[in-house]
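To keep things clear, I will list the structure first and then write my remarks on it.
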Amino acid sequence: MDYDAIIIGAGISGLYQLLRLRELGLRVRVLEAGTGVGGTWYWNRYPGARFDSESYSYGYSFSQEILDEWHWTEHFSPQPETLKYLNYVADKFDLRRDIQFKSRVAAAHYKDATRSWEVTLENGERLRARWLITAIGLLSAPTMPQIPGVESFKGQSCHTARWPHEPVNFAGKRVAVVGTGATGVQTIQEVAKTAGSLTVFQRTPNWCAPLHNARIGEDEMREIRTRYPEIFQRCLETFACFLHTPDPRKAVKVTEAEREALWEKLYANRGFGMWQGNFRDILVDRKANALVSDFMARKIRQRVKDPRVAEKLIPKNHGFGTRRVPLETKYYEVYNQPNVSLVDIKETPIERITPTGVKTSAAEHAFDMIIYATGFDAITGAFDQIDIRGAGGLGLKDKWQGGPKTYLGVLVEDFPNMLMLMGPHTALGNIPRSIEYSVEWVTGLIRHARDHGLTRIEATAAGVADWTDHVKALGEGLLSNEIDSWMTGINRNIEGKDTRIVARYSGSAPAYRARCDAVAAGGYSDLALS
Ligand SMILES: Cc1cc2nc3c(=O)[nH]c(=O)nc-3n(C[C@H](O)[C@H](O)[C@H](O)COP(=O)(O)OP(=O)(O)OC[C@H]3O[C@@H](n4cnc5c(N)ncnc54)[C@H](O)[C@@H]3O)c2cc1C
C-alpha cells in the first residue's frame, strides 16, 4: 500500500482533512488538479469574486493561532485575500509536502482483496491507499452553455471558474456576460465599472439582496477576535451555520407594518439576513413567499430607472429564496448605466456564438470578450467526472441513477472505505463550518477503525435507505424543491440533468450533527465493520 489515505482535492475540506489524518499518524497523499491550494478560491478568479458568508464566520475555527494572526480586511473577503489566507494556512501547517498538484484523478477502483483503493491519475500514474476521501467540492465542475459555435469565437472568452491567472483589462472593450446567477451578478457589477460596453445575456433573473460589504480596520478586527468564541458558537446553533437564523414569527401572522419593518431592516443589513434571517414561513408558505417576493420586486422597481428593464430583472418563475440568493453591490443600478444593456434570452434566444460575437433570434452583437458565468454541474458533478467503482466493479454514477443514495452524506453502500466530504445529502449552509464538523467525524471513524484493527468500513443497505428517505422527507413542503435549480439537480447545459432530484440535505445543521454524533457514540454499529 502506498498510503494509508488518499484525499482528492486541496480546498478547505482537503487541507483540513490532511492535517487531522497526519495528526493520527497516517501516511496521507492529497491529489489536486490545480497548481495550488484553495479549491473554489484557487479557481474562481473572476472580477468581483468574494464570499457571501461573513469572512470571520467562514474561516477555519480550529486553530487559535490562525484566529489570532489573520486579519480579514473586509466583511466579505474578496477572492485574492481568501486564496492568500488558504495559502497561509497551508504554509503554517506545512501541508504542501503531502500535496501532489497538477494531478487530476481520472479513476478510483476499490479492490476487495486488499481492502484498498487504486487511484489513477489522468497521466496514468497509479497510487493505492486503504482510505479514499473525496474532498472534490460541490461547486467545482464548471459547465459551459450548450450553444453552437462557442469554439468559433475569435476574441477572448472564458468561464468564470477557469479565469486566467493574469489580470484582465476591460477598459474600452465590448464585453458580454452570459448568466446571471450568484457569479454572474458579482462579475457584472465589477465589469460594468470599466468596460466600454457590457451586454448581459439573461435566461432566468434571480432575486438578489444587498451585501453591504465594508472594510475591517485594525480596531474592528481586534474586536472581532474577542468575539470569535461567540461567533462560532452562534454558527453552531443556527439552522445553516450562518450568523443569521430565521425570525421565529410567521410573515402571514404579523401586521403589514411589522412585515415591512423586518424586511427594511434585513434589506439594510449585511449578508444573508434577507434569506436566512427572514420570517420562518417564507420558504414553505406560498402566501408568505408571495409577500416577500412582492417586497423584493418593489425594491427592484425603485432601483432600476427603465420600467421595462426592471420587469425583466424581476423573477417570474420562482419566489424569493427558493433558489440560491445572489448578494449584490449596486447590481441593479448597473442597468441604469448607458454602457450596459440587458438581453432576455427567453424572448430572443441565443442561436449561436459567431467568430465575432453572439447571434440571437433578433440581432447580431459584436464583442471583444465573452464571459461565461454559467455555473457548475453541482453536488454530483465532480463525482461524475471520476470513474469511481466500488466492490464488484459497480460504477458510482450508475449507483446514483435517479439521485444520490448515501449514509449521512459520507458513505455509500458497495463503496467500502470511501468517505465523502461535502458530498450529496450532507449539511451545507455556511460551508466551512460543515466541513470542520465532517472532517472531525471522518477522522473519528478512521481513528475507531485503527484502534479496533478494522480495515473495511461500509454503509449498510438499511442505513442508506433510512438516511436517503430521511433526506427526502426533510425536503417535502419546501418551496425550493418545487423549483428547477442546481439545488434540485437541474442543469440545462448537461444532458440528462433535467429531472429534479433530492441532492441536498435540507434539515438543520444541529440536527445533522446530533445524528452523526449519535452514530459515533454508538460505536458506529449502523455500519458494516470488519
Ligand atoms: C464563487 C463561489 C462563491 C462561494 N461563496 C461561498 C460563501 O460565501 N459561503 C459558503 O459557505 N460557500 C461558498 N461557496 C461554496 C464553496 O465551494 C465552499 O465554501 C468551499 O470552498 C468548499 O470547499 P471544498 O474544499 O469542499 O471544495 P472546493 O473548494 O471546491 O475544492 C475541491 C478541490 O478538488 C479538486 N478536484 C475536484 N475533482 C478533482 C479530481 N478529479 N482530481 C483532482 N482534484 C480534483 C478541485 O480542483 C478543487 O481544488 C462558494 C462557491 C463558489 C464557486
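The values are calculated or read from the model by the stated rules, or taken from the named source; none is laboratory data. Note that the structure is a prediction, hence the values are computed from the model and not measured. Here the Cβ is made from the backbone with ideal geometry for all residues, glycine too, and neighbour counts use every protein chain on show. Accessible surface areas use protein heavy atoms only, side chains included; no ligands, DNA or RNA. Shrake-Rupley method; radii C 1.70, N 1.55, O 1.52, S 1.80 Å.
Quick grid of which residues meet (1) of a type in the set (D, E, K, R); (2) in a helix (DSSP H, G or I); (3) within 16 Å of the chain's Cα centre (by Cα):
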residue: Gly429; (1), (2), (3): no, no, yes
residue: Pro432; (1), (2), (3): no, yes, yes
residue: Ile446; (1), (2), (3): no, yes, no
residue: Asp469; (1), (2), (3): yes, yes, no
residue: Asn481; (1), (2), (3): no, yes, no
residue: Arg500; (1), (2), (3): yes, no, no
residue: Tyr505; (1), (2), (3): no, no, yes
residue: Arg515; (1), (2), (3): yes, yes, no
Q. Quick check: is even one residue across segment 12-35 within 24 Å of Leu428 (Cβ to Cβ), assigned to a strand (DSSP E or B), within 11 Å of the ligand (Cβ to nearest atom) and of a type in the set (Val, Ile, Thr)?
A. yes
Q.
Restricting to segment 218-246, give me the number of residues that are within 16 Å of the ligand (Cβ to nearest atom), assigned to a helix (DSSP H, G or I) and open to solvent by 20 Å² or more (accessible area, probe 1.4 Å).
A. 3
Q.
Here is a list: Ala473, Ala465, Ala459, Ala391. Which entry is of a type in the set (Gly, Ala, Ser), more than 20 Å from the chain's Cα centre (by Cα), under 26 Å from Gly14 (Cα atoms) and open to solvent by 20 Å² or more (accessible area, probe 1.4 Å)?
A. Ala391
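Looking for whichever is among the β-branched types (Val, Ile, Thr), over 18 Å from the mean Cα position of the chain (by Cα) and closer than 30 Å to Arg115 by Cβ here; the options are Ile66, Ile7. Which one fits?
So the residue among Ile66, Ile7 that is among the β-branched types (Val, Ile, Thr), over 18 Å from the mean Cα position of the chain (by Cα) and closer than 30 Å to Arg115 by Cβ is Ile7.
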Q.
Among the numbered criteria (1) among the hydrophobic types (A, V, I, L, M, F, W, C); (2) touching a residue at least 24 places away in the same chain (Cβ under 8 Å); (3) open to solvent by 30 Å² or more (accessible area, probe 1.4 Å); (4) part of a helix (DSSP H, G or I), which one does Trp263 miss?
A. (3)
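Here is a yes/no grid of residues against (1) surrounded by 18 or more Cβ atoms within 10 Å (Cβ to Cβ); (2) within 16 Å of the ligand (Cβ to nearest atom); (3) within 24 Å of the chain's Cα centre (by Cα):
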site: Arg130; (1), (2), (3): yes, no, no
site: Pro148; (1), (2), (3): no, no, no
site: Thr160; (1), (2), (3): yes, yes, yes
site: Thr199; (1), (2), (3): yes, no, no
site: Ala209; (1), (2), (3): yes, yes, yes
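Take the residues in segment 111-123 that are within 14 Å of the ligand (Cβ to nearest atom) and open to solvent by 40 Å² or more (accessible area, probe 1.4 Å); name whichever of them is nearest to the chain's Cα centre (by Cα).
Among those residues, the one meeting the criterion is Glu122.
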Q. Do the conditions hold for Tyr42, that is, is it over 14 Å from Ala135 (Cβ atoms), within 12 Å of the ligand (Cβ to nearest atom), part of a helix (DSSP H, G or I) and under 20 Å from the mean Cα position of the chain (by Cα)?
A. no
Q. Any idea which of (1) touching a helix residue (DSSP H, G or I) at 6+ places or on another chain (Cβ under 8 Å); (2) more than 30 Å from Arg492 (Cβ to Cβ) is the one Lys253 doesn't satisfy?
A. (1)
Q) Restricting segment 45-81 to residues that are aromatic (Phe, Trp, Tyr) and more than 30 Å from Ile371 (Cβ to Cβ), which is farthest from the ligand (Cβ to nearest atom)? A) Trp70
**Q.** Complete set of residues in segment 409-445 that are surrounded by 23 or more Cβ atoms within 10 Å (Cβ to Cβ), in contact with a strand residue (DSSP E or B) (Cβ under 8 Å, 6 or more places away or on another chain) and not small (Gly, Ala, Ser)
**A.** Val410, Leu411, Val412, Phe415, Pro416, Asn417, Met418, Leu419, Met420, Leu421, Thr426, Val442
Q | Test set (1) open to solvent by less than 10 Å² (accessible area, probe 1.4 Å); (2) more than 16 Å from the ligand (Cβ to nearest atom); (3) under 23 Å from Ser506 (Cα atoms) - Gln401 fails condition number | A | (1)
Q. Within segment 268-279, which residues are part of a helix (DSSP H, G or I) and open to solvent by 20 Å² or more (accessible area, probe 1.4 Å)?
A. Ala268, Trp275, Gln276
Q) Between residues in segment 120-146 that are without any contact (Cβ under 8 Å) to a residue 12 or more places away in the chain and residues that are away from the ligand (no atom under 11 Å from the Cβ), which pairs lie under 7 Å by C-beta distance while being six or more apart or on different chains? A) Arg126/Glu118
Q: Inspect segment 415-425 for any residue being within 14 Å of the ligand (Cβ to nearest atom), touching a Pro at 6+ places or on another chain (Cβ under 9 Å) and closer than 30 Å to Gly522 by Cα and give the result as yes or no.
A: yes
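Which residue out of Ile216, Ile133 is in contact with a Ser or Thr (Cβ under 8 Å, 6 or more places away or on another chain) and β-branched (Val, Ile, Thr)?
That would be Ile216, the only listed residue that is in contact with a Ser or Thr (Cβ under 8 Å, 6 or more places away or on another chain) and β-branched (Val, Ile, Thr).
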